[in-house]
Amino acid sequence: MDFNTGLAAMPSREGEPARSSGPKALTTRLATLEALLKETDQRLSDFTAREADRILRRVHERIALSPAHVVTVIAGATGSGKSSLFNALIRYDLAPVGAIRPTTTTGTACVWDARNAGDVQALLDRIGVAEENRVMRGTLLNGTNRRSEPELAPLVLIDLPDHDSAVRAHRDETDRATAAADLLLFVTDPQKYADAAWHERYLTHLSHHQETLVVVLNKSDELAAADARACVGDLRGMLAESGLNRVPVVLTSTRTGEGLHQLRELIATRVRHKPAALLRSEADVDRAATLIAAELTPRDGRNPETLTPEAKSATLLALGDSTSLQAMSDLIDGTYRRRAALVTGWPLRHATRTLISRVRGGAEARYAPWTGAVDSEPEPPPIQHDDVVHAVAESVDQVAEALPPLWAKEMRNIGNRCVKSLSDTLDTTLSGTEVGPRLVPRWWTAVQVLHWMLLTAALVGIGGAVAYAASGGGKDSTLPDTSPIPFPILVALVALAAGALLDLICRPAASRAATRLRARVSERMTDRVHSAAERLLFAPLVAEHERYVRARTLTQGLVRNTGERGVPPSGGGQGQPSI
């Protein structure tokens, strides 16, 4: 039988406690728990993750394995009268009885209704009851598989080994059975009811399972009536201190029969309403939800916030500082101006400055515009790794400071992973940024050609002026008469003046072009830095925060107001089974 079929086979539970809401509600809660475990993967403590996963698997298996039966286990310490109580309930001396030494070395199961015995075999296999220790109650009464006590037909009663046995296998079997039981009868006696062992190992771990738990104070015949009542009151007080104030306490004696009828009626009521398997499953889900909710509680009661626009802006500004955007912009601006001055500058000015620097001497101060490596580019400033680490840490801390420890740790893991990838990305971004223009702008070429044309005209004019003077004034010259200044000298003067004027005009033009280039490159670099930060830092942090919010929302929808206090450790003690 699969899980959905098992749920469908469970009867409706008229008169059941109000906190249970039926098979459909359990299906919804299980789906929510599965989604919650996916959202919290690697973000819960190992104990909580294992416990929640165990609970989920146990509920699926229990509902799929004979959900119509009510598995009731009798657990207790050595000599508490478990086996005697088991025999009294089935009205047959099946289990061996011992007052001091443990006589129950393995579980014994009694199935009330033989007609449905086949359905319960897989469940008993899962619990670990050996096949030879399974009996039909009808065969014990008269040797025939007849139906006995119809009101208890779904009951499967199991007598367990002592939970305080020195044999590990006995304790493990008890742990396995109590974890799978639909109804748990814990038997104690006036001498052992205050022992810390069974309180700490079992009872304090069952605060979410009060509706599936009954405590039996056996051997009441050994006490006077007043002493027995005092023991019951004391036991109830101890249970209340453990958060088990709704657990019934039944005073019994297998010798006098006291309380046996009351206990049978209590079991019959649970069986008659048939909510036991569902109640236990819902209680298990309650426990898982409460465990997870405890680990999702924000620190200091603050509400964790996602990254604010102000925090993003501060981080981007810090990342900009780490990439030395200002220094990079200055480098681009200076490189452009230097190259523009080299290409568009007046050659005569370059020659004059070169001559002056050579006369003054000193290799460092020498002006050599044409011998420099025009096509080489300065190296961009390196990434400041420490600044990247600090910027990332600031963003992570804002998101992680109010989160639970494991979620905050995951946030910091994201930050640690981001630092290297972000540094590499930013370094690639900077190294791929062109400090100078890829191609010489066309206006540079036009100005350079014009400069050389003017210089050529000036040289021709100077040469013409020399020839003009050598010919005695050029009375027979065909050149235009531009007296009082000879035409060749006028050409040279105009060419020199035009070159100087063009040089003066090009300087502010180059400065404006450098400013525009600086702005474009800075904007492009800023966009790349922002894109890298958004992809590698902000998006993962926001996604993790949204994951936490989804997990908390699922948890709040899963946790019910059960009235239990706190979240105890795992039920079933040290050897909690995965059943």
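Points to keep in mind about this one:
- Considering segment 33-50, and only residues there that are over 21 Å from K409 (Cα atoms) and over 14 Å from the mean Cα position of the chain (by Cα), the residue that is most open to solvent (accessible area, probe 1.4 Å) turns out to be E34.
- Test: P298 is surrounded by fewer than 19 Cβ atoms within 10 Å (Cβ to Cβ), at pLDDT 80 or above and farther than 30 Å from A408 by Cα: no
- Residue match in segment 392-415 (condition: over 16 Å from the mean Cα position of the chain (by Cα), open to solvent by 80 Å² or more (accessible area, probe 1.4 Å) and at pLDDT below 80): no
- Odd one out for L157 among (1) at pLDDT 70 or above; (2) within 41 Å of the chain's Cα centre (by Cα); (3) open to solvent by less than 10 Å² (accessible area, probe 1.4 Å): (2)
- Count of segment 64-91 residues which are among the β-branched types (V, I, T) and either in a helix (DSSP H, G or I) or under 9 Å from D159 (Cβ atoms) (or both): 3
- When A340, A314 are checked against the criterion of being modelled with pLDDT of 80 or more, buried (at least 18 other Cβ atoms within 10 Å of the Cβ) and touching a helix residue (DSSP H, G or I) at 6+ places or on another chain (Cβ under 8 Å), A340 stands alone in meeting it.
- Total residues in segment 392-425, condition without any contact (Cβ under 8 Å) to a residue 12 or more places away in the chain and not in a helix (DSSP H, G or I): 0
- Checked against the criterion of being under 48 Å from the mean Cα position of the chain (by Cα) and either at pLDDT 75 or above or surrounded by fewer than 14 Cβ atoms within 10 Å (Cβ to Cβ) (or both), segment 133-142 has at least one qualifying residue.
- Residue check for R255: open to solvent by 10 Å² or more (accessible area, probe 1.4 Å), at pLDDT 80 or above, in contact with a helix residue (DSSP H, G or I) (Cβ under 8 Å, 6 or more places away or on another chain) and not β-branched (V, I, T): yes
- Looking only at segment 117-127, residues that are surrounded by fewer than 16 Cβ atoms within 10 Å (Cβ to Cβ) and over 17 Å from L155 (Cβ atoms) come to 2 in all.
- If the condition is being among the basic types (K, R) and under 16 Å from R29 (Cβ atoms), then segment 55-90 contributes R57, R58, R62.
- Across segment 106-116, the number of residues qualifying as open to solvent by 10 Å² or more (accessible area, probe 1.4 Å) and at pLDDT below 85 comes to 4.
- Inter-residue pairs, beta-carbon under 9 Å, first more than 17 Å from L422 (Cα to Cα) and modelled with pLDDT under 80 and in segment 513-531, second in a helix (DSSP H, G or I) and open to solvent by 60 Å² or more (accessible area, probe 1.4 Å), 6+ apart: R518/D330; S522/Q326
- D172 meets all of the listed conditions (1) closer than 28 Å to V59 by Cβ; (2) at pLDDT 85 or above; (3) open to solvent by 20 Å² or more (accessible area, probe 1.4 Å); (4) not β-branched (V, I, T) but one, namely (2).
- Boolean, A373 is open to solvent by 60 Å² or more (accessible area, probe 1.4 Å), part of a loop (DSSP other than H, G, I, E, B) and either out of contact with any Gly (no Cβ under 6 Å at 6 or more places or on another chain) or modelled with pLDDT of 80 or more (or both): yes
- Among (1) surrounded by fewer than 14 Cβ atoms within 10 Å (Cβ to Cβ); (2) assigned to a loop (DSSP other than H, G, I, E, B); (3) modelled with pLDDT of 80 or more - the single one T445 does not satisfy: (2)
The values are calculated or read from the model by the stated rules, or taken from the named source; none is laboratory data. All values derive from a computational prediction rather than experimental measurement. Quick reminder, even Gly has a Cβ in these numbers, built from the backbone with ideal geometry, and neighbours come from all protein chains shown. SASA here: full protein model, heavy atoms, side chains in, ligands and nucleic acids out. Shrake-Rupley method; radii C 1.70, N 1.55, O 1.52, S 1.80 Å.
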